[in-house]
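Some notes on the structure that comes next.
Only the coordinates and a few stated rules stand behind these numbers; no lab work does. Please read all numbers here as calculations on a predicted model, not as lab measurements. FYI the Cβ positions are ideal-geometry reconstructions off the backbone, even for glycines, and counts take in every protein chain you see.
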């Protein structure tokens, strides 16, 4: 019987079905375990809300530190959810099947990263205007903050995927992941939080947002391949 | 045709095996036996293209294949220790997802038919979380039949299967071989396959 299926090997036509498969499956799984997502989002909201309580209700000070606090909380929320990206698939054998699929591994991983962003980064960015109000960030600043988070959070998911794949199967993988990935998040943090500062200083956020956009493009092209290489190493 | 030439494997400082050569032709199964820790799983993962051998070569239909080679990936169905099921998904959704991942179409009737064939008709809409180990294994068997792959790699396929399940596995493998497929299986349970089709390899 089975002649090798006239196969979905490494031609470009197999990329989109691969992305679609991983995206659809991971979204389905995420929606089936909504509680976990809710907890992560709540974590983000609580961390952001702690700072005004612990520091000062002084409007100017809050407006200055608000964007930075939101960004740090977004980093932590992203970090908290990263182990979910590959660890469960690794434990139950799905990752082996994914790596042996005729679809290109970077395509499948891109789909997983996209699903990760849709379930963690996107809600974080969409909640930002609401949380920014607590810090008396003015409306233009809120807009720029949200735009920066929309551009920046996918970079967090993409870079995080590399770290999650590299720490697969390691004991204390979670804490190692934080050490490995947080320094890589620093440029995103600087340009992202800096965007609102530039607006406040009257410089406009174009430069910061362009840099974030460029970073996103570079990460979107490179990260799936790096993560794919790391996954193959983890399976060996 | 699967050919292994002078294969060697090492895990840490331990040499598992070396100088391993064999050939499996269409319609044949290679049954790998050996005590625990002699490298059966390692060998199977190398053949599947998941691990790189220390030295030696694996050839599929005459061409040497490296780990994760696209030709090899398009030709093999690997059933390892873990059945790759998601607890949150139903038996039907799990099977459909795995078949689609293998690049095969997964229409509903085909999925249901395959689940019927492994006696999981009533468990079709149950989440995999509540299925027994044997039932999870049966989903794995259904996946093999739908994979459309010529080379089946089975690591301890009998684990957790009851007598009826083992008989079912034997029938599926026999059908697969009869239609020109190949298989490599690590198992100590005789599947009662015709002797002409069985090649044996004992690791020590």
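Rounded to 0.05, the FRET efficiency of the residue B:160 and residue A:225 pair, given R0 = 45 Å and the Cβ-Cβ distance, is 0.75.
Taking every C-alpha pair closer than 8 Å and separated by at least 6 residues, the mean separation divided by the residue count of region A:15-235 gives a relative contact order of 27 percent.
Shape analysis of region A:15-235 yields a ratio of the Cα radius of gyration to the Kirkwood radius, Rg/Rh, of 1.00. Packing, taken as the mean count of other beta carbons within 10 Å per residue, orders the peptides A:120-128, A:228-236 from highest to lowest as A:120-128, A:228-236. Take each residue in B:78-84, count the other chain C-beta atoms within 10 Å of its C-beta, and the mean is 5. GNM remark for chain A: springs join alpha carbons under 10 Å apart, and the peak mean-square fluctuation among A:180, A:142, A:100 falls on A:100. Measuring r between the beta carbons of residue A:59 and residue A:118 and using R0 = 30 Å, the FRET efficiency lands at 0.30.
Taking each residue in A:179-190, count the Cβ atoms of any other chain within 10 Å of its Cβ, then average. What number comes out?
Mean number of neighbouring Cβ atoms from other chains: 0.
Legend: calculated FRET efficiency, residue B:23 to residue B:71, from the Cβ-Cβ distance at R0 = 22 Å, rounded to 0.05, equals 0.80. Most tightly packed first, judged by the mean number of other beta-carbon atoms within 10 Å of their residues, the peptides B:3-13, B:94-104, A:85-95 read B:94-104, A:85-95, B:3-13. Counting only other chain Cβ atoms within 10 Å of each residue's Cβ, the peptide A:14-23 averages 1. When a/c is below 1.5 the answer is rounded, else prolate if a/b is larger than b/c, else oblate, so apply that to region B:37-174 with a ≥ b ≥ c taken from the square roots of the Cα gyration tensor eigenvalues. In terms of gyration-tensor shape, prolate. Secondary-structure-derived ellipticity at 222 nm for the protein assembly as shown, considering helices only, amounts to -19000 deg cm²/dmol, per-run term -39500 (n - 2.57) for DSSP H runs with n ≥ 4. Once a ≥ b ≥ c are taken as the square roots of the eigenvalues of the Cα gyration tensor of the protein assembly as shown, is the result rounded (a/c under 1.5), prolate (a/b larger than b/c) or oblate (a/b not larger than b/c)? Prolate shape, in that a/c is at least 1.5 and a/b is the bigger ratio.
Structural size metrics of region A:26-127, computed from C-alpha coordinates, are Rg and Dmax of 17.2, 58 Å. When the Gaussian network model of chain A links Cα atoms closer than 10 Å, the mean-square fluctuations of A:53, A:23, A:170 top out at A:53. Structure remark: mean-square fluctuation, Gaussian network model of chain A, C-alpha springs under 10 Å; the largest value among A:107, A:73, A:207 belongs to A:207.
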